[in-house]
Amino acid sequence: MSVRHGLKGFGIIAFLLCALLPCGAAQLNLMPWPSQITQQDGSLALNAPPRIELTGGDERIHHALQRFLRDLAAQTGAPFDRHFPGAQDGPALVIHCASKGRRVQSLDEDESYHLSVSQAGVELTAANPLGIMHGLETLLQLVEPGPNGWVIPYVSIDDSPRFAWRGLMIDVSRHFMPLDAIERNIDGMAAVKLNVLHLHLSDDEGFRVESKRAPRLTEMASDGQFYTQDQIRELIAYARDRGVRVVPEFDVPGHAVSWLVAYPELASGPAPKGLVRSEHDQLRPPLDPTNEATYKLLDRVFGEMEGLFPDQYFHIGGDEVDGKYWDKDAHIQAWMREHNIKDNHALQTYFTKRVQQIVHKHGKDMEGWDEILDGDLPKDSLIQSWRGADSLANAARMGYKTVLSAGYYLDLMYPASQHYAVDPTSGPSASLTADEKTNIIGGEAAQWSEYVTPENVDNRLWPRTAAIAERLWSPASVTDVSSMYRRLAVVSRNLEWLGLQHISGSRRMLGRIAGDDMPLQLLETLAAAAEPVKGYDRETTQVYDGEAPLNHLVDAVPPESDQARYINELAQRAVHDPSVRPELRAIFLRWRDNDAKIEPYLATSMLRKPLVPLSQSLSELGGVGLDALDAVEAGRAVTAEERKAQLAKVDDCAAHHAEMFLVVTPAVRALVEAEPGAQ
Ligand code: ACM
């Protein structure tokens, strides 16, 4: 069934389905999938730079067009960027934008666009420059090679986002991320239509923005790693130019050691001696909510930062406040009794309300993590749900606007499919009334950076963030996981043309580990079969240490191995389909023989030594896989004991080594379970 091939009898049905789903037009590599798309036969030849006719909008559209031509040139390797605004013989690109956008990009701006590609050329219209920017990203994704040159398939797209808040949070406190790392990731965000960059700018490990009103924060609490105010202005302009808002977070009253290094008198109890440098630094008191000087400082610094960051929202953190410091402080306890504050949650709510007044006084709305949720807060507070989707539903029910991050924590190293399955309006939110649901304004991927550096931040973010971007932009009905992975692979490759380094950076790091003595391919065989451990398991074997180099294989490999996913699927097919078994056999053989070849190189470098047991496990797994494949092919029955022993070996091979584990054990397990004989 396909609109493209014009099966007339199915035309109407295909049209209806394809308006909603990536089905008939599924060969297009669009991500996020548009809300409405119809595809016609044929395509427009892109034989020369497009001839651009632009009316309306603001200066951002000019910049977006220049980037479009530059990115088109990078993606195709053809000089489409030579002539601005285009060559006379090029196809028409007619753009009309009905208005200028707001001076400060806001949540309620219209991001929709209409894009049509036909014999007459390309037409792109939108109410607002944001829609034009999104439409140009879609157009870039449509360009594909044809037999006689680059082409754009004939389509008609009417697209608009499902949620207005489509964010990515990056923690720049645990590991500071220089401006260029943030800017290239903004390019990635814009490519997949994300529109909020949330920067986690202060934590126990450092305060990362220059403060002129409280310079001790910069001098004593940043280790010299911070953004100057000029850099922040540059960053905000860069983001605005790409349709991305920047929401700053200054985490209080917990995660606030950096504040206390500069202002020790504001600690709840004894003050820490210095910034937290590793998990071993256990003294992490919150700010003292009973001290008026706390609010004076927050007023001074938040006033300054609210002037620097123009966005309407200002994030005050509020997560993981460790109440034991309040319990142990006699002065705080006496103050609570005196003020009739019954417990630590009530004390935090008192603090949050005071902070909200400060944020509001400087003209902004307060956002905080879900610990701040309390019916006593003003209703313009925004709640970021992270401890579970219950808080999202509760906030929405209580009348607060809310965004979902639970399920979108990229640092947990889960596969794209797992994040893709998380929908802000399902789960506990499904039972909300339609009115309450409107309080759910979107979601945010979150990247905490205890184990992330500027070198591997791209590989931690991409391409998985694109799958979350689709969840937040596309209709809820767009859920086909294999379509998602097929398109994600293309998006991933194309992001590298934009300057993202998730693939190239990973290769570079592998090259460092292989050095100049060892064949890279041996390391690649091992790397492709392994993934970083999931959840917070890494903390159990390698506690966070801000000074520790993050240059091992676990830091180099992507959180999700595409090859491993392919091999696991291949094995499932091999159970029933003999034609794919030779390919699987070759893989198992390669694994089995890899350890003998790689072993001499492992001991000679500290980057490789920890890989010895992982490599041995891969060989063992390859051996079991070959035995199982032999039994399946020969129809040879195994005894229950033999199968049990094989499965035990497979389980052993899944053990964690060097903060990684082999993710290809399901492939071998599938074959073992398919062996004839007693189960
Ligand atoms: C959080 O992850 N502590 C918000």
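The values are calculated or read from the model by the stated rules, or taken from the named source; none is laboratory data. What you see is a predicted model; the values in this text were computed from it and never measured. Cβ placement follows ideal geometry from the backbone for every residue including glycine, while neighbour counts extend to all protein chains displayed. Note: accessible area is taken over every heavy atom of the protein model, side chains too, but ligands, DNA and RNA are not part of it. Shrake-Rupley method; radii C 1.70, N 1.55, O 1.52, S 1.80 Å.
Here is a yes/no grid of residues against (1) open to solvent by 40 Å² or more (accessible area, probe 1.4 Å); (2) in contact with a helix residue (DSSP H, G or I) (Cβ under 6 Å, 6 or more places away or on another chain); (3) not polar (S, T, N, Q):
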position: Arg102; (1), (2), (3): yes, no, yes
position: Ser116; (1), (2), (3): no, no, no
position: Leu124; (1), (2), (3): no, yes, yes
position: His134; (1), (2), (3): no, no, yes
position: Glu144; (1), (2), (3): yes, no, yes
position: Pro147; (1), (2), (3): yes, no, yes
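Restricted to strands (runs of 3 or more DSSP E) entirely inside segment 70-154, those with at least 1 residues that are among the aliphatic types (A, V, I, L, M) are 92-97, 113-118, 121-126.
Taking (1) touching a Lys or Arg at 6+ places or on another chain (Cβ under 8 Å); (2) without any contact (Cβ under 8 Å) to a residue 60 or more places away in the chain; (3) of a type outside the set (D, E, K, R) in turn, Leu382 satisfies each apart from (2). Once segment 249-276 is narrowed to residues that are away from the ligand (no atom under 16 Å from the Cβ) and aromatic (Phe, Trp, Tyr), the residue that is nearest to Glu304 (Cα to Cα) is Trp259.
Among the helices (runs of 4 or more DSSP H) confined to segment 526-632, there are none with at least 3 residues that are in contact with a strand residue (DSSP E or B) (Cβ under 9 Å, 6 or more places away or on another chain) and of a type in the set (Gly, Ala, Ser). Considering segment 642-679, the residues that are over 17 Å from Ala631 (Cα atoms) and among the β-branched types (Val, Ile, Thr) include one that is surrounded by the most Cβ atoms within 10 Å (Cβ to Cβ), namely Val664. Contact annotation: residue pairs with Cβ atoms under 6 Å, 6 or more positions apart or on different chains, pairing a residue in segment 428-448 that is under 15 Å from Met398 (Cβ atoms) with a partner that is open to solvent by 40 Å² or more (accessible area, probe 1.4 Å) and part of a strand (DSSP E or B), are Asn439/Lys401; Ile441/Lys401. Against the list (1) touching a helix residue (DSSP H, G or I) at 6+ places or on another chain (Cβ under 6 Å); (2) open to solvent by less than 50 Å² (accessible area, probe 1.4 Å); (3) touching a residue at least 40 places away in the same chain (Cβ under 8 Å); (4) part of a helix (DSSP H, G or I), the condition Glu304 fails is (1). Which residues, counting only those in segment 467-489, are under 18 Å from Gln27 (Cβ atoms) and assigned to a helix (DSSP H, G or I)? Answer for segment 467-489, where residues must be under 18 Å from Gln27 (Cβ atoms) and assigned to a helix (DSSP H, G or I): Glu470, Val481, Ser482, Ser483, Met484, Tyr485, Arg486, Arg487, Leu488, Ala489. Screening Gly243 against (1) over 26 Å from the mean Cα position of the chain (by Cα); (2) within 24 Å of Gly188 (Cβ to Cβ) leaves a single unmet condition, (1).
The numbered conditions (1) within 16 Å of the ligand (Cβ to nearest atom); (2) surrounded by fewer than 23 Cβ atoms within 10 Å (Cβ to Cβ) are all true for Ser385 except (2). Residue selection: Arg242 fails the criterion of being within 16 Å of the ligand (Cβ to nearest atom) and open to solvent by 10 Å² or more (accessible area, probe 1.4 Å). For segment 359-370, filtered to residues that are surrounded by fewer than 21 Cβ atoms within 10 Å (Cβ to Cβ) and not in a loop (DSSP other than H, G, I, E, B), the residue that is farthest from the ligand (Cβ to nearest atom) is Lys361. With respect to the conditions (1) in contact (Cβ under 8 Å) with a residue 60 or more places away in the chain; (2) open to solvent by 10 Å² or more (accessible area, probe 1.4 Å); (3) more than 16 Å from the ligand (Cβ to nearest atom), Glu279 falls short on a single one, namely (3). Here Thr294 meets each of (1) more than 29 Å from Glu234 (Cβ to Cβ); (2) in contact with a strand residue (DSSP E or B) (Cβ under 7 Å, 6 or more places away or on another chain); (3) within 16 Å of the ligand (Cβ to nearest atom) with one exception, condition (3). Kindly evaluate Glu569 against the criterion of being open to solvent by 10 Å² or more (accessible area, probe 1.4 Å) and within 17 Å of His657 (Cα to Cα). No: the conditions fail for Glu569.
Tell me, which residue of segment 282-299 that is within 34 Å of the chain's Cα centre (by Cα) and open to solvent by 60 Å² or more (accessible area, probe 1.4 Å) is modelled with the lowest pLDDT? Across segment 282-299, the extreme among qualifying residues is Gln282.
Can you name the residue in segment 341-358 that is among the hydroxyl-bearing types (Ser, Thr, Tyr) and away from the ligand (no atom under 16 Å from the Cβ) and, of all such residues, is farthest from Leu199 (Cα to Cα)? So, considering only residues that are among the hydroxyl-bearing types (Ser, Thr, Tyr) and away from the ligand (no atom under 16 Å from the Cβ), the one farthest from Leu199 (Cα to Cα) is Tyr350. Residues in segment 388-408 that are of a type outside the set (Val, Ile, Thr) and within 16 Å of the ligand (Cβ to nearest atom): Gly388, Ala389, Asp390, Ser391, Leu392, Ala395, Leu404, Ser405, Ala406, Gly407, Tyr408.
If you go through segment 399-411 and pick out every residue that is without any contact (Cβ under 8 Å) to a residue 40 or more places away in the chain and open to solvent by 30 Å² or more (accessible area, probe 1.4 Å), you end up with 1. Is it the case that some residue within segment 438-458 is over 29 Å from Ser381 (Cβ atoms), under 13 Å from the mean Cα position of the chain (by Cα) and not in a loop (DSSP other than H, G, I, E, B)? Yes.
Among the residues making up segment 311-340, a single one is within 16 Å of the ligand (Cβ to nearest atom) and free of Cβ contacts under 8 Å to residues at least 60 places away in the same chain: Gly323. Within segment 412-431, restricting attention to residues that are open to solvent by 30 Å² or more (accessible area, probe 1.4 Å) and within 16 Å of the ligand (Cβ to nearest atom), the residue that is farthest from Ala530 (Cα to Cα) is Val422. Among residues belonging to segment 432-461 that are within 16 Å of the ligand (Cβ to nearest atom) and charged (D, E, K, R), point out the one that is farthest from Ala530 (Cα to Cα). This residue is Glu444.
Yes/no matrix, rows are residues, columns are (1) touching a helix residue (DSSP H, G or I) at 6+ places or on another chain (Cβ under 8 Å); (2) more than 30 Å from Glu496 (Cβ to Cβ):
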site: Asp376; (1), (2): yes, yes
site: Leu382; (1), (2): no, yes
site: Ser385; (1), (2): yes, yes
site: Leu404; (1), (2): yes, no
site: Tyr420; (1), (2): yes, no
site: Ala434; (1), (2): no, yes
site: Thr453; (1), (2): yes, no
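Checked against (1) under 13 Å from the mean Cα position of the chain (by Cα); (2) free of Cβ contacts under 8 Å to residues at least 12 places away in the same chain, Pro415 passes all but condition (2).
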